[in-house]
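A.B. asks: To start, I am sharing the structure in question, which I have written as structure tokens.
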Amino acid sequence: MTKLRFLRVYWDGLSSYDSNTVHLPEEFEFPSYELRYLHWDGWSLESLPSNFNGKKLVELSLKHSSLKHLWKGNKCLENLKVMDLSHSRYLVECPDVSGAPSLETLNLYGCTSLPEVHPSIARLKNLKILNLGNCRMLHYFPRIIGLEKLEVLNLSGCSRLEKFPDIEVSMESLLELNLEATAIIELPSSVGYLRGLVLLNMKSCKNLKILPGRICDLKSLKTLILSGCSKLERLPEITEVMEHLEELLLDGTSIRELPCSILHLKGLVLLNLRKCKDLRSLPNRICGLKYLETLIVSGCSKLNRLPEDLGMLQCLRRLQADGTAITKPPVTLVHLTNLRELLHRENSDDIGLQLPSLSGLRFMENLDLSDCNLMEGTVDNKLCHLELLECEQLQKIPKLPPSIKLLDACDCTSLMSLPTPSQIISPQNWLVSTWLRPVEFMLWNCSGLDQDHVAMALETLHREPFPEIGYSIVIPERGFQSGPGMRIWELQFQQPCPTLA
């Protein structure tokens, strides 16, 4: 076997690693210096043999090994391109890779005992992927003086890493930087060297307090994730245009206000501020984000108003404002002609919601106003789902559009009358109408609703010009004050579909 070039000992994926491990004697030696590929899952020794010669080796994979250190000193590995020591949980010494100038991929994911990164790694000129995710004991990463070709750096789950290294070279090739759940307090200003960065993930960096102003130099950035950074109280002024940033996730932070310079995020598509409990207002200049499609302010319990010029957001498709103190949306809401989903449930106070007419929202599909004490409003559009759970002050729902498929008004205890879909269905829409699916009205615990009125509503539905569907109306059984009793009114009509003249 002196000419052996390919050696693979692998886990079958069915049994446990312990039962699959090949236990080697301490004096084990490789029979060949010609190895190009060495893959040995569950390597049982604490290091490679002293006679190991990897001069011709291209790929070294020792996943789930018992290694404590790979080798002593420096090895000549001039052809090595891939090194995978992932899940080697006993590894306490990072290998010296100064003798591996061609290395492109280094995977140390899940090496949970590894305390620091060897300085030789930060000097590699050809490294493209460096994965140190879930190295829970890692607390030191040396300053970066190489890594010009690095594309992906993963430090997620390194919960003891408090300082991100200083960057002393241009790293324009870096596309993804994952720092999720690290202990980093701040980013160095040298982060501005990452001009090609597309994704920066700092989710759940609970010690992060500030972002450097030079983050505006990240001209290629598309996604910035700061979710769960609970000590982050403000964003830096955005002094330059960042036209490529599409997703900004600030949910669960301590942000109190957004800078007016947010207007410089000209390409922003998604802005998530969910559960920013100290947020009190949004700058009106946010309405200049002409490509914004999703705005989420759910759970911002101190937010009591939306910008007056909200209607300028012509691309907005999804607005979630449940759990806020907003009681009166701006009248310009009706100008959001592309809005498809409006969620405004569970006001943070007891004041009823006064909703303006929604007649201009012609593409609205889902409207959820549950538990918001709806007092008034008009629904007249292409709505499919309307949820009004626990709107205890609601007495009347106006007519519904012909596209309605679900009305859920459970626990609307003041509701007295039941709406019916609009009688107007244009002939050109008969064959493509969404009426070809069942309609369901959920009215559990609507104690003020007269059942005779329900019967009249069913009769009206049957007379409408498109009755080839089933209708289900669920209401409390008369005479039941509590308990699971209910009556299900369900009619199924089968009539020929109208034909076009």
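A.B. asks: Please go through region 186-231 and give me each residue that is assigned to a helix (DSSP H, G or I), among the hydroxyl-bearing types (Ser, Thr, Tyr) and open to solvent by less than 20 Å² (accessible area, probe 1.4 Å), ordered by number.
C.D. replies: SER190
A.B. asks: Right, another one. How many of the residues making up region 385-416 are more than 15 Å from GLU365 (Cβ to Cβ), modelled with pLDDT under 75 and touching a Lys or Arg at 6+ places or on another chain (Cβ under 7 Å)?
C.D. replies: 0
A.B. asks: Just for region 323-336: of the residues that are open to solvent by less than 30 Å² (accessible area, probe 1.4 Å) and in a loop (DSSP other than H, G, I, E, B), which one is farthest from GLU293 (Cα to Cα)?
C.D. replies: ALA325
A.B. asks: Among the residues of region 1-18, count how many are surrounded by fewer than 10 Cβ atoms within 10 Å (Cβ to Cβ) and at pLDDT below 80.
C.D. replies: So the answer is 8.
A.B. asks: Which condition breaks for ILE145 when tested against (1) open to solvent by 40 Å² or more (accessible area, probe 1.4 Å); (2) β-branched (Val, Ile, Thr); (3) under 25 Å from LYS203 (Cα atoms)?
C.D. replies: Single failed check for ILE145: (3).
The values are calculated or read from the model by the stated rules, or taken from the named source; none is laboratory data. Treat the numbers as computed from the prediction; the structure is a model and nothing was measured. Backbone-built Cβ (ideal geometry, glycine too); neighbour counts: all protein chains shown. Accessible surface is based on the protein model in full, side chains and every heavy atom, while ligands, DNA and RNA are left aside. Shrake-Rupley method; radii C 1.70, N 1.55, O 1.52, S 1.80 Å.
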